[in-house]
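Worksheet: the structure to be examined is printed underneath.
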Amino acid sequence: MHADQVFRKFDVQKRLYTELRERFGLTAQPAIRVIGKTVDAYTTLRANLKAGNYGPPGSGRRRTVEDTPIRFRPQAAQPFDARCLSWQLGDAGREGTVSIWTTAGRLRNVRIVGNPGHLALLRSRPAIG
C-alpha cells in the first residue's frame, strides 16, 4: 500500500486480496479484516500528518514518518468478528462447541462452558457462521 500509495479499501482489496490470501493462507473474512485494519492505520496516519502532529512539512521527523510504511508486530491482535466463528450449541445445560478460525487453521470442537443464562442468550441470537 505504501509503495503504490493506494489507501482506499476497495482499491487495496482489488490489488492485494488474492495475493494476501495465497501468501498467508488466509480465508476470505480474515483477509478482508486485515486489509481493513491496515487501511484504518493509514487513515489515522494521514490525519495525524495533516494535523501537524509529526512536525511541519519538510521536517526530519515528518519525512521519516512519511517514508516509513505501516508495520504491525508479529504477535499484534488482529480484527475478528462472528463470521470467523461457527457455533454448535446444545439444547440444554452447558453443552456446545465452537469452531474458530485462527492463523494456524481452524480449531474445531472447542468446548463451550458458561453460565446457563449466557448460553441461553447465545441460543437466542441468529446464527452467522
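The values are calculated or read from the model by the stated rules, or taken from the named source; none is laboratory data. Please read these numbers as outputs of a predicted model, since none were measured by experiment. So basically every Cβ, Gly included, is an ideal-geometry build from the backbone, and we count neighbours across all protein chains shown.
Scanning the range 72-107 for residues that are exposed (fewer than 10 other Cβ atoms within 10 Å of the Cβ) and closer than 25 Å to Ala31 by Cβ, we see that the one that is nearest to the chain's Cα centre (by Cα) is Ala77.
What do you reckon, is Leu85 among the aliphatic types (A, V, I, L, M), modelled with pLDDT under 90 and under 30 Å from Thr43 (Cβ atoms)?
Working: among the aliphatic types (A, V, I, L, M): yes; modelled with pLDDT under 90: yes; under 30 Å from Thr43 (Cβ atoms): yes.
When the stated conditions are applied, Leu85 passes them.
Considering only residues in the range 2-23 that are acidic (Asp, Glu) and within 20 Å of Arg71 (Cβ to Cβ), the one that is nearest to the chain's Cα centre (by Cα) turns out to be Glu19. Residue-level check: of (1) modelled with pLDDT of 80 or more; (2) in contact with a helix residue (DSSP H, G or I) (Cβ under 9 Å, 6 or more places away or on another chain), Ala51 misses just (2). Could you please find all residues in the range 105-129 being closer than 29 Å to Val34 by Cα, in a loop (DSSP other than H, G, I, E, B) and modelled with pLDDT of 75 or more? Result: Ile112, Arg125.
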